[in-house]
1. Does TRP210 meet the test of being modelled with pLDDT under 80 and surrounded by fewer than 24 Cβ atoms within 10 Å (Cβ to Cβ)?
2. For residues that are modelled with pLDDT under 90, out of contact with any Phe, Trp or Tyr (no Cβ under 7 Å at 6 or more places or on another chain) and surrounded by 11 or more Cβ atoms within 10 Å (Cβ to Cβ), tally how many sit in the range 117-148.
3. I'm trying to understand the selection: among the residues of the range 222-249, which are touching a strand residue (DSSP E or B) at 6+ places or on another chain (Cβ under 6 Å) and either modelled with pLDDT of 90 or more or in a helix (DSSP H, G or I) (or both)?
4. Going residue by residue through the range 182-192, is there one that turns out to be surrounded by fewer than 23 Cβ atoms within 10 Å (Cβ to Cβ), among the charged types (D, E, K, R), without any contact (Cβ under 8 Å) to a residue 40 or more places away in the chain and assigned to a loop (DSSP other than H, G, I, E, B)?
5. Pull out all pairs, ordered by first then second residue, where Cβ-Cβ is under 6 Å, the residues are six or more apart or on different chains, the first lies in the range 198-216 and is of a type in the set (S, T, N, Q), and the second is modelled with pLDDT of 90 or more.
6. Could you give me the residue pairs with C-beta distances under 8 Å whose first residue belongs to the range 92-118 and is among the polar types (S, T, N, Q), whose second residue is exposed (fewer than 13 other Cβ atoms within 10 Å of the Cβ) wherever it lies, and which are 6+ apart or on separate chains?
Amino acid sequence: MKTKLAIAPILILLVTLIVGLSVYRMCLTNDHDVGGILDQVRYLAGAAYLKAGLFDQAVSQLSQVSLDYRDTEDKLAQALDGSMVYIPAGEFIMGNDTGNPDERPQRPVYLDAFEIDKYEVTNIQYRRFIQATAREAPQIWPGRYVQFTNSKISLDWRDRAYPADQATYPVVMVNWEDATAYCVWVGKRLPTEAEWEKAARGTDGRTYPWGNTWEASKANTRETEIGHPQPVGSYPAGASPYGALDMVGNVWACAAIVANGWPTFTAGTITARHQIATPRGHRSDGAACNEAARGTPLTSTSPPPSAT
């Protein structure tokens with residue numbers, strides 16, 4: 001971790017020089033397609049950052065490139081996969097003494113160090129999974145995920161393709177088995193409840209990622225009146241103490257925990273080791289988004305695998 005941080009400024013300088021030379025070369029060719037030039041420059045920068053393992057910088061550049069330009073979609077998915085935040089070992093305050101029964105009691109919990117995805121898993125990441133496997137594409141099933149039938153935009157996949165212009169939206173309408181299978185495929189795992197909660201609230205027992213006072217501008221919830229999920233990372237001011245984004249609002253997500261024999265999902269969840277989203281977020285309000293809140297059990301036909 002320290003070695004990567006030390007060499008990061010040098011790599012950024014090298015990328016800047018490479019991109020600068022590329023821009024100069026393009027200008028010499030009298031190429032006046034400004035949009036095309038910007039795509040090329042950002043693609044080159046993003047690809048260089050990706051190769052250097054600077055995933056956040058790669059996401060920043062590649063997310064601004066047209067997805068039909070070269071292999072931008074695949075590279076962006078790789079960069080999103082690699083964008084994780086480090087959660088150090090130690091105790092944190094878990095639970096909420098004034099919350100629902102399943103949030104009590106508030107108590108100190110020790111966790112070993114782990115990493116967690118900075119962003120919710122996106123449609124472009126999940127599409128790579130279903131293309132490589134026989135898994136079904138997300139869909140609104142009869143009697144399930146009915147929350148999304150009231151969404152202001154269509155979230156349903158057609159012909160195994162995500163909805164147009166929703167590449168970096170969090171993938172939704174996946175069940176616990178889908179989430180687990182995806183995490184295994186990508187070489188990660190779902191988090192425990194405790195891992196997610198520590199990543200979301202830090203060590204001081206705060207109610208929300210940013211503190212103890214609800215601020216509607218920092219998360220996509222009912223108060224925004226947007227009425228549907230937003231692209232991942234749309235609320236950087238709502239980041240957790242460790243830098244994880246969308247820890248409240250936007251969508252529900254799965255966690256590798258069993259309660260009463262069933263896997264459950266947690267309000268505001270981002271998965272440790274990987275995020276998979278299921279319905280939530282824009283249908284919830286601030287009162288439901290405290291970091292100790294739990295959701296309803298998500299039905300499953302099999303127990304979760306043991307975490308490794």
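1. Numbers: modelled with pLDDT under 80: no; surrounded by fewer than 24 Cβ atoms within 10 Å (Cβ to Cβ): yes.
For TRP210, the condition - modelled with pLDDT under 80 and surrounded by fewer than 24 Cβ atoms within 10 Å (Cβ to Cβ) - is not met.
2. Final tally of qualifying residues: 7.
3. Matches in the range 222-249: VAL232, TYR242, GLY243, ALA244.
4. Applying the first criterion (surrounded by fewer than 23 Cβ atoms within 10 Å (Cβ to Cβ)) to the range 182-192 yields 184-189, 192.
Within this subset, residues satisfying the condition of being among the charged types (D, E, K, R) are 188-189.
Checking the rest, the ones that are also without any contact (Cβ under 8 Å) to a residue 40 or more places away in the chain come to none.
No, the range 182-192 contains no residue that is surrounded by fewer than 23 Cβ atoms within 10 Å (Cβ to Cβ), among the charged types (D, E, K, R), without any contact (Cβ under 8 Å) to a residue 40 or more places away in the chain and assigned to a loop (DSSP other than H, G, I, E, B).
5. Sorted first by the residue in the range 198-216, then by its partner, the pairs are THR203/PHE92; ASN212/ARG206.
6. The qualifying pairs are GLN106/ASP97.
The values are calculated or read from the model by the stated rules, or taken from the named source; none is laboratory data. It should be emphasised that the depicted structure is a prediction, and the values quoted were computed from it without experimental measurement. No Cβ is skipped: glycine too gets one built from the backbone with ideal geometry, and neighbour counts run over all protein chains shown.
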